[in-house]
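To start, the structure under review is shown below, and the notes come after it.
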Amino acid sequence: MLTTSSGSPQDLSILAELERKVLWLASWTIHHANHVRDSGDGLKVGGHQASCASLATIMTALYFHTLRPQDRVAVKPHASPNFHAIQYLLGRQTQDKLEAFRGFKGAQSYPSRTKDTDDVDFSTGSVGLGVAQTLFSALAQDYVRSHGWGLMRPEGRMIALLGDAELDEGNIFEAMLEGWKQGLRNCWWIVDYNRQSLDAVVREGLWERYQNLFRNFGWDVVLLKYGALQQAAFAEPGGGVLRRWIDNCPNQLYSALVFQGGAAWRKRLNDEIGDQGPVTALIERRSDDELAVLMNNLGGHDLGSIMAAFDAIDHDRPVCFIAYTIKGYGLPFAGHKDNHAGLMTPAQMDTFRKSMNIRPGEEWSRFEGLEHPPAEIEAFLDRVPFSSAGARGLQGERIAVPEQLAVTLQPRMSTQLGFGALLNELGRGDTAVAARIVTTSPDVTVSTSLGPWVNRRGLFAREALADTFKSERIPSTFNWEFSPKGQHIELGIAEMNLFSALSALGLSHVINGERLLPIGTLYDPFIARGLDALNYACYQDARFILVATPSGITLAPEGGAHQSIAEPLIGLAQDGLAAFEPAFVDELAVILAFALDYMQREGGAELSEQNWLRDETGGSVYLRLSTRPIEQIKRDMTPALRQSIVDGAYWLRAPGPNCQLVVAFTGAVAPEAITAVGLMAEDRRDIGLLAITSADRLNAGWTAACRARERGLIHASSHIERLLADLPRHCGIVTVLDGHPATLAWLGAVNGHRVRPLGVEHFGQTGSIDELYRYYGIDANAIIAAAQVIAPGRPIRYLGAA
Ligand SMILES: Cc1ncc(C[n+]2csc(CCOP(=O)(O)OP(=O)(O)O)c2C)c(N)n1
Ligand SMILES: [Mg+2]
């Protein structure tokens, strides 16, 4: 019998039926994908029936009782079928999608914000990331509301449903620490404490460590260990002995006994505590089946206790619920350590179906087999608060971005300095764009040139905090004042947190209905530290600008450990992220203006015939910048040049009709490319110099145009194809960048030109820029030597002179 103050007894009995139905539908969805639908590829996909069963009770309580439309949830990846089943019961998911679970365009194996159609709040998949996402979303919500936006909407709770083994992921603890620093509120994490991971049973006593840890960071911890049946049994004579036995029972043994069932429980309990008077009677009063039900009645499978625990939270501090559960609860492989990918056999499914009173052929029927009349259940579902307000996804208004951003060019400057200057200018003005920009950085705010912007716009905190250095009148370049109106979120060093924060801020338009324009800065090599979180942010279509600086071996004196090689390839390959590496600050100004607009686009996947990019869909942007001051070019920014910079390349020196050689460069090596071309001009005819601002966009445009031609659009031609179209066949191309040479090596495949790609394959040496460029072979001399071989002709006089 359910005992709780939450909800009427009638509602509770409907909820209990719905819990079973969720378990059925999730199990059936997985079973259908494996045994009924034939994908034809012979692959049996992993089960996850056990993981779904583990969370079915909690999710029933949450979705049908606790959640409000403004709450947002990250569901443990492998509990995806539960989520889809619940949405299906609420009339927000179709049978077609469930039948196609894990199939092409079907309901997704792991909840996906972008691919699923049933109102997923946060994608999950890579364990740990969805959890941190909820924490940063709570911070993002505070940021938005502190700035006076979205106040007409109620505050939501950001909730994660996580597996206990998911807590092995370090990013969760990095996030917790940051949450504590930032005064986290409105965040709930519900741990599915089934004491099993994928491979095995987890260590004893973890809950206690978690409890201490969470409390240390200011969280309220709620332990849901015993269900109502167990609590009632503990109150019987001998109940204390039973309770102590349960508390002391090792996880492995408990799991094994759950799997074995009532007779095994009886034998074990009798062996271990059967001679202790009243407890014997307590055990003997119960049949094997009743004993199994009692021992399986953990807190996480007791609807009433769960709802009451959720209802009891009367504050906005973060809460961690540790809910004891059984992996595979209610299914034949409950508790078995190998059950993670376990699938019920057709015979077991048939038994389950019969126990649910579901007739063959009626497996998908929403109310089949339920005791309450459909009209009653329908009426109940209509009252469910979570879905009462219709679609929950919001949209933020687009913020107009000027085509041209102001920046004063110095004769020599680096792109990093240019970035600082551009943001400083933005910070000075009173524009809508500047108001919506939020910057963030993992303890490299000053060293990535965000200082001037922060001086103008201040740091964000819910409570104001003065800069003591300022109040003590100690001279300092930087004003470090926190206030609820500040526009910079200063993070600790954990780069994972930077990406999780960008992901949360970058989804503000759909979660809070208020658009933010997040810009995050870090050192280029440390992208690798948070790469999975970056990938995750892109996967769920968060929108942000990532500014990575310094980069490459060009950061020479910073030390070998900080040099980055692979990042341009990440920029090239990462879906959802348009990567740029400008050489000059006027290019950067164009790119930043483009990025601020591009990150707000949400059109269909239309291909533009101009560059064959899906520019209508928009996305996030990665700017790889440098600390190397280089001579700036004085020139007019014509519309054509602006477009070329955005499309990825332009001729800095156009090739002549008999061009023998092209030097194509990206980023900070511009002076070397320019010098080399100058020195070779006498010995190689009509030489061209191609400035590449985005290998990523050039490459994407080229492959898209190829595909378009293969589909019959024979006139499709991408930006790079047009740029290289008039080069004679014998022309050689030397490419050069401070990054892996493969980034530009593909240029030869565009029109069949020979290419010698120069770049950096090894790293770690310190020195001056000149020394390192020479050592790694990306200096002017290396360009000339490569040219000499790839574009043979008379000896180049200046080889060795550069
Ligand atoms: C980053 C990452 N590593 C590995 C996996 C593969 N994986 C999926 S579920 C899982 C075990 C999860 O255990 P737990 O969180 O306790 O959930 P349960 O299986 O008990 O439902 C693993 C290792 C993953 N999804 N993401
Ligand atoms: Mg687990």
>> Tell me yes or no: at least one residue of the range 468-485 is modelled with pLDDT of 95 or more, among the hydroxyl-bearing types (Ser, Thr, Tyr) and under 30 Å from Glu403 (Cα atoms).
In response: no
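Looking only at the range 175-190, decide whether some residue is within 15 Å of the chain's Cα centre (by Cα) and either over 25 Å from Ser387 (Cβ atoms) or open to solvent by less than 10 Å² (accessible area, probe 1.4 Å) (or both).
Just the residues of the range 175-190 that are within 15 Å of the chain's Cα centre (by Cα), to begin with: 175.
Checking which are either over 25 Å from Ser387 (Cβ atoms) or open to solvent by less than 10 Å² (accessible area, probe 1.4 Å) (or both) leaves us with 175.
Yes.
Here is a yes/no grid of residues against (1) touching a Phe, Trp or Tyr at 6+ places or on another chain (Cβ under 9 Å); (2) farther than 30 Å from His509 by Cα:
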| site | (1), (2) |
| --- | --- |
| Asp314 | no, no |
| Gly335 | yes, yes |
| Glu376 | no, yes |
| Phe386 | yes, no |
| Ala406 | no, no |
| Pro411 | no, yes |
| Asn424 | yes, no |
>> Considering only residues that are touching a Gly at 6+ places or on another chain (Cβ under 9 Å), more than 13 Å from ligand 1 (Cβ to nearest atom) and of a type in the set (Gly, Ala, Ser), which ones fall in the range 307-345?
In response: Ala309
> Within the range 593-608, restricting attention to residues that are surrounded by 13 or more Cβ atoms within 10 Å (Cβ to Cβ) and assigned to a loop (DSSP other than H, G, I, E, B), which residue is nearest to the chain's Cα centre (by Cα)?
Replying inline: Met599
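Which residues, counting only those in the range 300-342, are aliphatic (A, V, I, L, M) and touching a Ser or Thr at 6+ places or on another chain (Cβ under 8 Å)?
Restricting attention to the range 300-342, the residues satisfying the condition of being aliphatic (A, V, I, L, M) are 303, 306-309, 312-313, 319, 322-323, 326, 331, 334, 341.
Across the range 300-342, the qualifying residues are Leu303, Ile306, Met307, Ala308, Ile326, Leu331.
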> What single numbered condition from (1) among the aliphatic types (A, V, I, L, M); (2) open to solvent by less than 30 Å² (accessible area, probe 1.4 Å); (3) within 13 Å of ligand 1 (Cβ to nearest atom) fails to hold for Val127?
Replying inline: (2)
> Taking the stated definitions as given, is Leu588 farther than 18 Å from Leu517 by Cα and either charged (D, E, K, R) or buried (at least 19 other Cβ atoms within 10 Å of the Cβ) (or both)?
Replying inline: no
>> With the requirement that a residue be polar (S, T, N, Q) and open to solvent by 20 Å² or more (accessible area, probe 1.4 Å), what does the range 225-253 give you?
In response: Gln231, Asn248, Gln252
> With respect to the numbered conditions (1) more than 41 Å from the chain's Cα centre (by Cα); (2) open to solvent by less than 30 Å² (accessible area, probe 1.4 Å), which one is the sole condition not fulfilled by Ala785?
Replying inline: (2)
>> Give me the residue from the range 153-194 that is near ligand 1 (Cβ under 8 Å from one of its atoms) and either β-branched (Val, Ile, Thr) or touching an Asp or Glu at 6+ places or on another chain (Cβ under 8 Å) (or both) and, out of that set, nearest to Phe259 (Cα to Cα).
In response: Asn194
> Does Ile58 satisfy the condition of being within 16 Å of ligand 2 (Cβ to nearest atom) and either in contact with a Phe, Trp or Tyr (Cβ under 6 Å, 6 or more places away or on another chain) or of a type in the set (A, V, I, L, M, F, W, C) (or both)?
Replying inline: yes
> Do we find that Asp142 is within 16 Å of ligand 2 (Cβ to nearest atom) and buried (at least 20 other Cβ atoms within 10 Å of the Cβ) in this structure?
Replying inline: no
> For the range 540-578, what are the residues that are over 22 Å from Val646 (Cβ atoms), surrounded by fewer than 21 Cβ atoms within 10 Å (Cβ to Cβ) and at pLDDT 95 or above?
Replying inline: Ala566
> In the range 624-662, what count of residues is obtained for those that are under 23 Å from Asp726 (Cα atoms), exposed (fewer than 15 other Cβ atoms within 10 Å of the Cβ) and aliphatic (A, V, I, L, M)?
Replying inline: 2
> Of all residues in the range 151-169, which are open to solvent by 10 Å² or more (accessible area, probe 1.4 Å), away from ligand 2 (no atom under 16 Å from the Cβ) and in contact (Cβ under 8 Å) with a residue 12 or more places away in the chain?
Replying inline: Arg153, Pro154, Glu155, Arg157
>> If I go through the range 255-309 residue by residue, how many of them are surrounded by fewer than 18 Cβ atoms within 10 Å (Cβ to Cβ) and aliphatic (A, V, I, L, M)?
In response: 5
> Does the range 102-124 hold any residues that are of a type in the set (Phe, Trp, Tyr) and surrounded by fewer than 24 Cβ atoms within 10 Å (Cβ to Cβ), and which are they?
Replying inline: Phe104, Tyr110
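The values are calculated or read from the model by the stated rules, or taken from the named source; none is laboratory data. Only a predicted model underlies this, so the values are computations on that prediction, with no experimental measurement involved. Cβ: placed from backbone, ideal geometry, glycine included. Neighbour counts: every protein chain shown. Each accessible area value is taken on the protein alone, full model and side chains, heavy atoms only, with ligands, DNA and RNA left out. Shrake-Rupley method; radii C 1.70, N 1.55, O 1.52, S 1.80 Å.
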